[in-house]
1. Looking at the range 25-47, is at least one residue open to solvent by less than 60 Å² (accessible area, probe 1.4 Å) and under 15 Å from Asn84 (Cα atoms)?
2. Please go through the range 48-57 and give me each residue that is surrounded by 17 or more Cβ atoms within 10 Å (Cβ to Cβ) and assigned to a loop (DSSP other than H, G, I, E, B), ordered by number.
3. So which residues in the range 1-45 are part of a strand (DSSP E or B) and among the acidic types (Asp, Glu)?
4. Name the single residue that is surrounded by the most Cβ atoms within 10 Å (Cβ to Cβ) among those in the range 58-107 being part of a loop (DSSP other than H, G, I, E, B) and of a type in the set (Val, Ile, Thr).
5. Within the range 92-112, take every residue that is under 12 Å from the mean Cα position of the chain (by Cα) and not small (Gly, Ala, Ser) and give me the one that is modelled with the lowest pLDDT.
6. Does Leu20 qualify as being within 12 Å of Val93 (Cα to Cα), in contact (Cβ under 8 Å) with a residue 40 or more places away in the chain, out of contact with any helix residue (DSSP H, G or I) (no Cβ under 7 Å at 6 or more places or on another chain) and crowded, with 21+ Cβ neighbours inside 10 Å?
7. Within the range 3-17, track down each residue that is surrounded by 22 or more Cβ atoms within 10 Å (Cβ to Cβ) and either touching a His at 6+ places or on another chain (Cβ under 6 Å) or farther than 22 Å from Asn84 by Cβ (or both).
Amino acid sequence: QVQLVESGGGLVQAGGSLRLSCAASGRTSSSYAMGWFRQAPGKEREFVADITISGFRTYYADSVKGRFTISRDNAKNTVYLQMNSLKPEDTAVYYCAADRKIRLGSTPDYWGQGTQVTVSS
């Protein structure tokens with residue numbers, strides 16, 4: 001069992017930056033791949049980024065590659081999403097997720113409650 005709690009969302013102007021955090025708790029939480037999805041109003045939830053258990057490899061959606069950076073600190077059971085050069089189309093609720101796999105799947109086993117990110121133009 002893993003519990004995920006996101007934080008760091010807010011309002012930012014286009015071109016600005018924001019850093020999201022996801023704190024995980026539960027037995028063997030470090031044995032899960034972790035990552036981020038997002039869902040904008042009227043749209044389906046989409047994959048943003050994920051990181052393997054070891055943290056050696058990261059993966060990104062084409063829409064955020066080069067602007068977002070995912071990282072994890074297993075000692076703190078926390079995963080981060082550094083978002084730079086934000087665009088209005090990045091506006092969405094961002095969800096942290098964890099999976100019992102080396103990589104995050106399309107239907108993760110665990111989800112956080114989500115944190116709102118709003119980018120103004």
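The values are calculated or read from the model by the stated rules, or taken from the named source; none is laboratory data. Just so it is clear, the model here is predicted, and its values are computed rather than measured. All Cβ positions, glycine included, derive from the backbone under ideal geometry; neighbour counts span all protein chains shown. SASA here: full protein model, heavy atoms, side chains in, ligands and nucleic acids out. Shrake-Rupley method; radii C 1.70, N 1.55, O 1.52, S 1.80 Å.
1. The answer is no, given that none of the residues of the range 25-47 is open to solvent by less than 60 Å² (accessible area, probe 1.4 Å) and under 15 Å from Asn84 (Cα atoms).
2. Restricting attention to the range 48-57, the residues satisfying the condition of being surrounded by 17 or more Cβ atoms within 10 Å (Cβ to Cβ) are 48-53.
Selection gives Thr52, Ile53.
3. Step one: filter the range 1-45 for residues part of a strand (DSSP E or B), giving 3-7, 10-13, 18-25, 33-39.
Scanning the range 1-45 gives a single hit, Glu6.
4. Within the range 58-107, the first condition is being part of a loop (DSSP other than H, G, I, E, B), and the residues that meet it are 61-67, 74-77, 84-87, 91, 100-107.
Right, trim to of a type in the set (Val, Ile, Thr) and you get 64, 91, 102, 107.
Values: Val64: 23, Thr91: 18, Ile102: 12, Thr107: 8.
Looking at the filtered set, the residue picked out is Val64.
5. Of all residues in the range 92-112, those under 12 Å from the mean Cα position of the chain (by Cα) come to 92-98, 104, 111-112.
This time we only want the ones that are not small (Gly, Ala, Ser), so: 93-96, 104, 111.
Working: Val93: 98, Tyr94: 98, Tyr95: 98, Cys96: 97, Leu104: 88, Trp111: 95.
My answer is Leu104.
6. yes
7. Taking the range 3-17 and keeping what is surrounded by 22 or more Cβ atoms within 10 Å (Cβ to Cβ), we get 4, 6.
Selection gives Leu4 alone.
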